[in-house]
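Below is one structure, written out as structure tokens, with a few remarks after it.
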Amino acid sequence: MSQSRLSQEDDRRSCWVCFASEEDDRTAAWVRPCRCRGTTKWVHQTCLQRWVDEKQKGNSTVKVACPQCNTEYTIIYPKLGPVVYVMDIIDRVIYKMCPFVAGGIFIGTVYWTMVTYGAVTVMQVLGHKEGLNVMEQADPLFLLIGLPTIPLMLVLGKMVRWEDYILRLWRKHSSKLPLINYLFPDEHSRLSRVPADTAPLTDPISATRVLCGALIMPTIATIVGKLMFGLVQSNFQRTLLGGIAFVAIKGVLKIYYKQQQYLRQANRIICDFDEPNQPSETPPSTPPQ
């Protein structure tokens with residue numbers, strides 16, 4: 001008795017998409033596309049088609065499965081003509097190849113940009129005429145391999161945080177070196193406490209900041225070299241000295257700045273809460289009798 005009742009309830013058709021029963025629309029086409037039983041066994045053909053359209057989003061190659069039992073739907077398409085069949089194959093090949101082609105174009109663009117930047121840097125460091133002569137006399141294969149390494153080495157060099165190691169040595173041995181305390185006097189040199197080292201000595205490396213700083217480094221080195229070492233005849237030596245001087249001056253200033261920030265954190269004081277002054281309450285005046 002119970003089995004017959006279950007079979008009758010199982011055969012009752014109710015669409016799990018629109019929740020309509022067989023009595024609501026007797027002309028609708030029904031389909032049982034998966035292994036589900038009970039209320040999710042039957043579904044309208046049109047409702048299921050709309051649901052499949054939402055999942056495929058126009059791409060007929062996408063496989064669709066039942067959300068309840070994960071059974072993949074068996075979808076049969078009409079046969080295509082030979083022309084449409086060939087066009088469909090071409091479309092699938094293009095769809096799969098486009099990401100690789102786009103990636104290759106992007107890598108090629110980055111590579112030739114690095115080659116151009118390396119050539120400009122060589123002419124900037126050695127001088128326009130001397131840089132052109134060096135590149136003309138060099139092997140083309142060597143230029144194609146060596147020029148892109150110039151911006152790469154600049155970026156890698158920018159990521160070396162040598163100031164952190166100097167700053168750690170300063171904090172560790174500054175009390176043993178009176179010369180440092182004499183050159184950099186500070187009224188808060190005696191720490192009232194040691195701040196908790198909850199963050200690195202430098203900010204997290206910003207990709208854009210590192211990239212911009214590395215790529216502009218040859219220009220800054222050239223300018224500093226002309227300003228500080230104008231008597232040097234060689235363009236390469238002048239630029240090299242300018243770059244070393246800029247890195248050293250910038251590093252010293254950054255170390256001093258970070259040390260001052262460290263001292264401020266070590267000597268901070270948390271004050272008591274100051275209760276705001278409340279206006280005194282005046283007794284209400286008695287009305288004249």
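The values are calculated or read from the model by the stated rules, or taken from the named source; none is laboratory data. Note that the structure is a prediction, hence the values are computed from the model and not measured. Don't worry about glycine lacking a Cβ; one is built from the backbone with ideal geometry, like all the others, and counts go over all protein chains shown.
For residue 58, which of the numbered conditions (1) without any contact (Cβ under 8 Å) to a residue 12 or more places away in the chain; (2) more than 19 Å from residue 46 (Cα to Cα) fails to hold? Among (1) without any contact (Cβ under 8 Å) to a residue 12 or more places away in the chain; (2) more than 19 Å from residue 46 (Cα to Cα), the lone unmet condition for residue 58 is (2).
Can you give me the number of residues within the range 68-79 that are in contact with a helix residue (DSSP H, G or I) (Cβ under 9 Å, 6 or more places away or on another chain) and surrounded by 11 or more Cβ atoms within 10 Å (Cβ to Cβ)? If you could, list the steps in order and put the result at the bottom.
At the first step, the residues of the range 68-79 found to be in contact with a helix residue (DSSP H, G or I) (Cβ under 9 Å, 6 or more places away or on another chain) are 68-69, 73, 75, 79.
Applying the additional criterion that residues be surrounded by 11 or more Cβ atoms within 10 Å (Cβ to Cβ) yields 68-69, 73, 75.
Within the range 68-79, residues that are in contact with a helix residue (DSSP H, G or I) (Cβ under 9 Å, 6 or more places away or on another chain) and surrounded by 11 or more Cβ atoms within 10 Å (Cβ to Cβ) number 4.
Here is a yes/no grid of residues against (1) part of a helix (DSSP H, G or I); (2) modelled with pLDDT under 85; (3) not assigned by TED's automatic domain parsing to the domain that holds residue 165:
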residue: 203; (1), (2), (3): no, yes, no
residue: 240; (1), (2), (3): yes, no, no
residue: 261; (1), (2), (3): yes, yes, no
residue: 281; (1), (2), (3): no, yes, yes
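Give me the pairs: first residue in the range 154-168 and in contact (Cβ under 8 Å) with a residue 24 or more places away in the chain, second residue outside any helix (DSSP H, G or I), beta-carbon distance under 7 Å, and six or more apart or on different chains, which are they? Hits for this filter: 159/205; 161/202; 164/201; 164/202; 167/201.
Looking across the range 85-105, the residues that are among the aliphatic types (A, V, I, L, M) and either surrounded by fewer than 11 Cβ atoms within 10 Å (Cβ to Cβ) or under 38 Å from the mean Cα position of the chain (by Cα) (or both) come down to 89, 90, 93, 94, 97, 101, 102, 105. Looking at the range 110-184, the helices (runs of 4 or more DSSP H) lying wholly inside it that each contain 1 or more residues that are more than 28 Å from residue 223 (Cα to Cα), at pLDDT 90 or above and not assigned by TED's automatic domain parsing to the domain that holds residue 250 sit at 140-158.
Residue pairs, Cβ under 7 Å, 6 or more apart or interchain, first in the range 64-76 and farther than 11 Å from residue 52 by Cα, second not in a loop (DSSP other than H, G, I, E, B). List them. From the range 64-76, the pairs are 68/40; 71/65; 72/65.
Suppose we filter the range 236-271 for residues that are among the polar types (S, T, N, Q) and under 33 Å from the mean Cα position of the chain (by Cα); how many remain? Even if it seems obvious, please write down each step before you answer.
Pass one, the range 236-271, residues among the polar types (S, T, N, Q): 237, 239, 259-261, 265, 267.
Then drop every residue that is not under 33 Å from the mean Cα position of the chain (by Cα), which leaves 259-261, 265.
Final tally of qualifying residues: 4.
Select from the range 51-67 the residues that are surrounded by 12 or more Cβ atoms within 10 Å (Cβ to Cβ) and not aromatic (Phe, Trp, Tyr) and write down the one among them that is farthest from residue 12 (Cα to Cα).
Applying the first criterion (surrounded by 12 or more Cβ atoms within 10 Å (Cβ to Cβ)) to the range 51-67 yields 51-52, 55-56, 64-67.
Filter again for not aromatic (Phe, Trp, Tyr), leaving 52, 55-56, 64-67.
Numbers: 52: 23, 55: 27, 56: 29, 64: 25, 65: 23, 66: 20, 67: 21 Å.
The extreme case among them is 56.
Scanning the range 37-57 for residues that are closer than 17 Å to residue 75 by Cβ, touching a strand residue (DSSP E or B) at 6+ places or on another chain (Cβ under 9 Å) and in a loop (DSSP other than H, G, I, E, B) turns up nothing.
Filtering the range 14-36 for residues that are surrounded by 13 or more Cβ atoms within 10 Å (Cβ to Cβ), of a type in the set (Lys, Arg), modelled with pLDDT of 80 or more and more than 30 Å from residue 150 (Cβ to Cβ) leaves an empty set.
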